[in-house]
Amino acid sequence: MRRSLLGVLLGLALGAVGFAFAAYHVDRPLRIAHLWPVPLAAAVTLLCWLIQGSIIALLAWPELRRVRVLQMTRVYLATQAVGGITPFAGGEIAYQLLALKRHGLGADVGGAVIALRSALNGVVLLAAAVAGLLVVRRVPFVGGGSSLPFSATTVLLVGVVALSAAWLLLVFLIRRRRGREGGGGGPGLVGRAASYLRHLRDSLLLIWRREPRVIAGCLLLAALYWLLYPLLGTLSLRAAGWDGSGWLAVFAAQYVLFLVIPIAPTPGNGGAAEIAFVALMSNYVPQGALLGGVVLWRVLNHFSELVVGAFIAGSEVHEDIELARREFGSG
């Protein structure tokens, strides 16, 4: 429990560093100018939680016919909280496997559910980020339009190639027969990538052979999730006093942000998320709306999940994490 508390405090401290950077950068007081976007953004947050829970439930449905969306939403939130309180690549994957097992899902199917949800979310986000690059005037830590190493034509070409490659990979994963069992990926980055692709292929085949429509349904749900998720940042900035001008650029630019900030190896991407949000949105939003916008945005997309998920996980969360690591060998 003490280590879990330290993880929470570390995440909060890193978030405070990010907020301090934002306050120093914008040099404006924190204010909430409009209240109407706040309950709307809260409703979008709840809907996003339910969508992710629905994806998990739908992927688990071929094995658990009586699975409930609210049950899987609780699993999603508890896993998000574990990811936020276990510093530097903790046991959220193993914890989610343990939670799914407690609902009656075996480790093989549970691993398939986790791998496929991650892959489907990643494919949709990557496609959206390619579109976002077309409207971003300045990428944080890279530069502005003339200094960026690509043009709109290049971005479109890369996007078409990437989506075509993703489609061909999907066809390959579906049609290819299961290869030889065993055969680890070997050492190094290439070996780990090959091992991940084999695991992803086996996961897709495992669910595809039982109910192929599940994959299509989850892909649509992932697309809906990523269509709604940028509204959290957009509505937060509106509540902080931004007038909404150039909203499409603000909306689309967040996809680039979502693709970059998970790289930060900190609990809940604390610090990096706040800094990147302010650096990116300062190109589109007046200084006076940035501080209130980033604070509300982080409350909605991170701290709400951390608090609600920790409540769901309960006081024995650290013991569950250790049990999951011992049982599944993750982290």
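The values are calculated or read from the model by the stated rules, or taken from the named source; none is laboratory data. This one's a predicted model, so the numbers in the text were calculated from it and none came from an experiment. Here Cβ is always computed from backbone atoms with ideal geometry, including for glycine, and neighbour counts include all displayed protein chains.
Assorted remarks:
- Subset of segment 225-249 (residues that are in contact with a helix residue (DSSP H, G or I) (Cβ under 6 Å, 6 or more places away or on another chain) and part of a helix (DSSP H, G or I)): TYR225, TRP226, LEU228, LEU231, LEU232, GLY233, THR234, LEU235, SER236, LEU237, ARG238, ALA239
- Residue in segment 51-65 that is outside any helix (DSSP H, G or I) and free of Cβ contacts under 8 Å to residues at least 60 places away in the same chain present: yes
- Subset of segment 238-265 that is under 17 Å from ASN283 (Cβ atoms) and among the β-branched types (Val, Ile, Thr) - its residue that is farthest from the chain's Cα centre (by Cα): VAL250
- Top-ranked residue of segment 100-124 - restricted to ones that are of a type in the set (A, V, I, L, M) and in contact with a Ser or Thr (Cβ under 7 Å, 6 or more places away or on another chain), ranked as surrounded by the most Cβ atoms within 10 Å (Cβ to Cβ): ALA112
- LEU97 meets each of the listed conditions (1) part of a helix (DSSP H, G or I); (2) surrounded by fewer than 18 Cβ atoms within 10 Å (Cβ to Cβ); (3) in contact (Cβ under 8 Å) with a residue 40 or more places away in the chain apart from (2).
- Among the residues of segment 68-83, those that are among the hydrophobic types (A, V, I, L, M, F, W, C) and either surrounded by fewer than 19 Cβ atoms within 10 Å (Cβ to Cβ) or in contact with a Pro (Cβ under 8 Å, 6 or more places away or on another chain) (or both) comprise VAL69, LEU70.
- Residue count for segment 45-74 satisfying the condition of being among the charged types (D, E, K, R) and either touching a Cys at 6+ places or on another chain (Cβ under 9 Å) or at pLDDT below 90 (or both): 3.
- Among the criteria (1) modelled with pLDDT under 90; (2) more than 16 Å from PHE303 (Cβ to Cβ); (3) crowded, with 18+ Cβ neighbours inside 10 Å, the one PHE19 does not fulfil is (2).
- Some residue of segment 270-292 being within 23 Å of TRP49 (Cα to Cα) and among the hydroxyl-bearing types (Ser, Thr, Tyr): no
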